[in-house]
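J.: The following block contains the structure, expressed as structure tokens.
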Amino acid sequence: MAYQVPETTGEALDELDHQLVTALQTAPRARWERIGAAIGADATTAARRWRRLTGAGHAWLSCHPAGIGPTPPLVAVIEVDCVAGALHEVAAAIVDDPHLITVDHVTGSRDLVLTAVFPDQAALARYLGLRLEALPGVAATRSQVASAVHAVGSRWRLDRLAPGGRDVLDETAPGGGSGIGRGLSSADPLDLRLFSLLAEDCRMPAADLAERAGVSPSTVRRRLERYQREEALVYRCEVARSLSGWPVSVTLWGVAPPDAAARITAQLPTQRETRLCATLSGPHNLLLTVWLRSVQDIPAFEARLYARFPELTVTDRAVTLWPLKLAGQVLDPRGRRIRGVPVDFWHDPAAERAEADLVRRLSVPRRPLPWRSSSKVIK
């Protein structure tokens, strides 16, 4: 069935919806009895409300590995300039690339801003040179590597639970925690199968996971405990930004002096508005994405930023017009979920063949140009 753009009239989340989202942001795998107790409702009401929110695309849960391998994944921020009239074609061509965490159509001097994960620099080079820049509608790209990520969206909370409700939930339970995981140094076939199942439904009970994976429930529970202990999974409970009370997303690029950068990046994640904070490799050594109440709040936010960090210079800014993809979920223009794209590293046989062909050509020395003497005599 083709996706139908839903009507927008009358859309709103009530206070119980906001509390439910906050509870699931805090403990995504908690039983409905605990979620209900945290929001002052019974388990049936909590589950029914959540089905209504997810069915409308207003909120959703997702899960993906923090990383697999001996080294952390490489995080890159990629700016894309599109040929006039080609922006949506480019977005449609890349939105299913599994390693693209976010795809934002933004204002300012670039058309799209992508955040992506790669196993290494070679994979980033392959994606830029043999995939992204080869698309017909792409005019230019600029990329920067994140040398450190200090805050991610999975840590952000609506914060609508009463203190008593927060006490009911345990943020150290599976699904809680900081949201910046270490990942696994290696993964066997069962790990990969469980990751795939949790990507389908991160609330799937251990018994159901065991049945579908063909192992015992105790084996699954041991694996889940290991994933929690090693921060191997990133759980996210997201809400459509237009319904969150924070409808404006702004990305700021800045320059922080080397002797102040560590102090600034340690404090930026504590700000209520911060969704993403990263140290970058390029001329702008800091990236900050925030959610705000209105466009009119942008100057006031920057003023507070300057008052708190006078050493920090904001060099550019962009407002997100359409969050086309967020944490592996494809979204409509108002930020409602359409469908999921499981997060994974990108593999493209065509690009890999093109890279191998280029390496072969580079390995063959070119014949040097014949040396020619000048007919002029320098006196």
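The values are calculated or read from the model by the stated rules, or taken from the named source; none is laboratory data. Since we're looking at a predicted model, the values are computed, not measured. Cβ sites come from the backbone with ideal geometry, for glycine too, and all protein chains shown count toward neighbours. The area values use the complete protein model at the heavy-atom level, side chains included, leaving out ligands, DNA and RNA. Shrake-Rupley method; radii C 1.70, N 1.55, O 1.52, S 1.80 Å.
J.: Would you confirm whether or not segment 217-232 contains a residue that is under 30 Å from T320 (Cβ atoms) and either part of a helix (DSSP H, G or I) or among the basic types (K, R) (or both)?
T.: no
J.: Same structure again: Taking into account only those residues within segment 115-126 that are open to solvent by less than 10 Å² (accessible area, probe 1.4 Å) and more than 9 Å from the chain's Cα centre (by Cα), which is nearest to A148 (Cα to Cα)?
T.: Let us first name the residues in segment 115-126 that are open to solvent by less than 10 Å² (accessible area, probe 1.4 Å), namely 116, 118, 123.
Imposing the further condition that a residue be more than 9 Å from the chain's Cα centre (by Cα) reduces the set to 118, 123.
Values: F118: 14, A123: 19 Å.
Among residues in segment 115-126 that are open to solvent by less than 10 Å² (accessible area, probe 1.4 Å) and more than 9 Å from the chain's Cα centre (by Cα), the one nearest to A148 (Cα to Cα) is F118.
J.: So L321 fits all but one of (1) buried (at least 16 other Cβ atoms within 10 Å of the Cβ); (2) under 30 Å from G340 (Cβ atoms); (3) touching a Ser or Thr at 6+ places or on another chain (Cβ under 8 Å); what number is the exception?
T.: (1)
J.: Can I ask one more? So S249 passes all but one of these: (1) free of Cβ contacts under 8 Å to residues at least 40 places away in the same chain; (2) under 23 Å from the mean Cα position of the chain (by Cα); (3) not in a helix (DSSP H, G or I). Which condition number does it fail?
T.: Unmet for S249, out of (1) free of Cβ contacts under 8 Å to residues at least 40 places away in the same chain; (2) under 23 Å from the mean Cα position of the chain (by Cα); (3) not in a helix (DSSP H, G or I): (1).
J.: Let me ask something else. In segment 10-50, which residues are open to solvent by less than 40 Å² (accessible area, probe 1.4 Å), in a loop (DSSP other than H, G, I, E, B) and farther than 15 Å from E238 by Cα?
T.: Matches in segment 10-50: A30, A41.
J.: I've got another one for you. Among the residues of segment 224-262, which ones are buried (at least 20 other Cβ atoms within 10 Å of the Cβ) and of a type in the set (V, I, T)?
T.: Hits for segment 224-262 are V234, V239, V250, T251.
J.: Here is a check on your reading of the model: is D111 in contact with a helix residue (DSSP H, G or I) (Cβ under 6 Å, 6 or more places away or on another chain) and of a type in the set (D, E, K, R)?
T.: Criteria met by D111.
J.: Residues of segment 245-276 being over 30 Å from A12 (Cβ atoms) and either in contact with a Pro (Cβ under 6 Å, 6 or more places away or on another chain) or of a type in the set (D, E) (or both), which ones?
T.: Listed by number, the list holds a single entry, D259.
J.: Residue check: is T315 among the hydroxyl-bearing types (S, T, Y), under 13 Å from T251 (Cβ atoms) and under 18 Å from the mean Cα position of the chain (by Cα)? Even if it seems obvious, please write down each step before you answer.
T.: On the way: among the hydroxyl-bearing types (S, T, Y): yes; under 13 Å from T251 (Cβ atoms): yes; under 18 Å from the mean Cα position of the chain (by Cα): no.
It is false that T315 is among the hydroxyl-bearing types (S, T, Y), under 13 Å from T251 (Cβ atoms) and under 18 Å from the mean Cα position of the chain (by Cα).
J.: A follow-up question, please. Of all residues in segment 67-91, count the ones that are open to solvent by 30 Å² or more (accessible area, probe 1.4 Å) and either under 25 Å from S281 (Cβ atoms) or outside any loop (DSSP other than H, G, I, E, B) (or both).
T.: Residues meeting the conditions: 9.
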